[in-house]
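Colleague: Dumping the structure here so I can ask a few things about it.
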Amino acid sequence: MKTILADIQDQFGVQELPHGLFYAFDNALRFDLGGTESNIHRPMRRFCQAYERACTIAHAHFEDSSEIYLLLASYGLEQPSKKRLNHIELCGVERSEVQYVSKTAQQDEEHMAEFGCDQFRHWDIVKVNDKRSISDIMWLCIASEMMIEPAFHSTTAYLVDARNGLILHAYDDRGLDVVSLNKSQLSELFIKFNKWLLECDLARMSAMFASDD
């Protein structure tokens, strides 16, 4: 698994995957999941819409993928918290299958000043053997900031197909980023789900494909 992580780092040219994938890579799309402001006061409706969109985009993004890995990132002290893997079994993944692969010091001066020590970002990885598990993972991601359980808490999830240069990150009920090292692989998503693209970043996304006209 550490070899897989190294492949991901080499393929995408990063030491660790950032939170804002959309701003870190040239070929990226950012989707609006939760929708209109009115949905903020209708949490069940908002969750259902966000979950449906996330699942639809994720399955389309990895439709041709034969090898997908789930990377889990969690913040903590030097030793990772056991709670970081809570609910992973609900995705059809046994804890014994998850491999802890690395930690990165965050050089967080404010944290060190307040607590006398740095904080670390801990990384775990597991192969997704059943594509149906993608929907389960999306549930845990979308529910993370809502009053819905089960949910990931203090854990960030990335789905990666290193072989085809694809990443997906649903950061919560607000939105989802997809990345491809091959711009053409994003064009179908851009067209098919155009109405779901985040409006405030639409100009940048449209410009990405304008050079192909």
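The values are calculated or read from the model by the stated rules, or taken from the named source; none is laboratory data. Please read these numbers as outputs of a predicted model, since none were measured by experiment. Glycine gets a Cβ as well: all are built from the backbone with ideal geometry, and neighbour counts include every protein chain shown. These area figures cover heavy atoms from the full protein model, side chains too; ligands, DNA and RNA do not enter into them. Shrake-Rupley method; radii C 1.70, N 1.55, O 1.52, S 1.80 Å.
Colleague: State log₁₀ I(q)/I(0) for the range 1-134 at q = 0.10, 0.17, 0.19 Å⁻¹ as given by the Debye formula over alpha-carbon point scatterers of equal weight, solvent excluded.
Modeller: Result of the Debye calculation: -0.45, -1.20, -1.33.
Colleague: Calculate how large, on average over all directions, the projected area of the Cα convex hull of the range 115-213 is; give the answer in nm² to one decimal.
Modeller: So the Cα hull casts an average projection of 9.5 nm².
Colleague: So for the range 152-210, what percent of the C-alpha to C-alpha distances run longer than 12 Å?
Modeller: 72
Colleague: Modelled label-to-label distance, H59 and R45, 7 Å Cα→beta-carbon offset: nm?
Modeller: Those two pseudo-labels are separated by 2.5 nm.
Colleague: Related question: Compute the distance in nm between two label points, each set 7 Å from the Cα along the Cα-to-Cβ direction, one at F190 and one at Q79.
Modeller: It works out to 4.9 nm between the two label points.
Colleague: Got the relative contact order for the chain handy, in percent, Cα pairs under 8 Å and 6 or more residues apart?
Modeller: Normalised by residue count, the contact order of the chain is 30 percent.
Colleague: May I ask which of K103/K192; K103/K127; K83/K103; K83/K195; K103/K183; K82/K103 have a Cα-Cα span longer than 26 Å here?
Modeller: Flagged as over cut-off: K103/K192; K83/K195; K103/K183.
Colleague: For the chain, modelled as a Gaussian network with Cα springs under 10 Å, which listed residue fluctuates most, S102, S65, S81?
Modeller: Of the options given, S81 has the highest mean-square fluctuation.
Colleague: Further, regarding this structure: With a 10 Å cut-off between alpha carbons and a GNM built on the chain, which of H122, H169, H111 moves the most?
Modeller: The residue with the greatest mean-square fluctuation here is H111.
Colleague: Tell me the accessible surface of S187 in square angstrom (1.4 angstrom probe, heavy atoms of protein chains only), to the nearest ten.
Modeller: Using a 1.4 Å probe on the heavy atoms, I get roughly 40 Å².
Colleague: Moving on to the next point. Please report, as a whole percent, how much of the solvent-accessible surface of the chain comes from carbon and sulfur atoms (probe radius 1.4 Å).
Modeller: Carbon with sulfur: 49 percent of the solvent-accessible area.
Colleague: Moving on to the next point. So if I take the centroid of the Cα atoms in the range 19-84 and the same for the range 147-213, what is the distance between those two points in Å?
Modeller: Each part's Cα centre sits 9 Å from the other's.
Colleague: Based on Cβ point charges of +1 for Lys and Arg and -1 for Asp and Glu, what charge dipole magnitude is obtained for the chain about its Cα centre, in debye rounded to the nearest 20?
Modeller: With Lys and Arg at +1 and Asp and Glu at -1, about 480 debye.
Colleague: Rounded to the nearest 500, what is the 222 nm mean residue ellipticity of the chain from helices alone, with -39500 (n - 2.57) per DSSP H run of 4+ residues and division by all residues?
Modeller: Rounded to the nearest 500, it is -9500 deg cm²/dmol.
Colleague: Protein chains only, probe 1.4 Å: how do R95, R84, R121, R174 rank by accessible area, largest first?
Modeller: R174, R95, R84, R121
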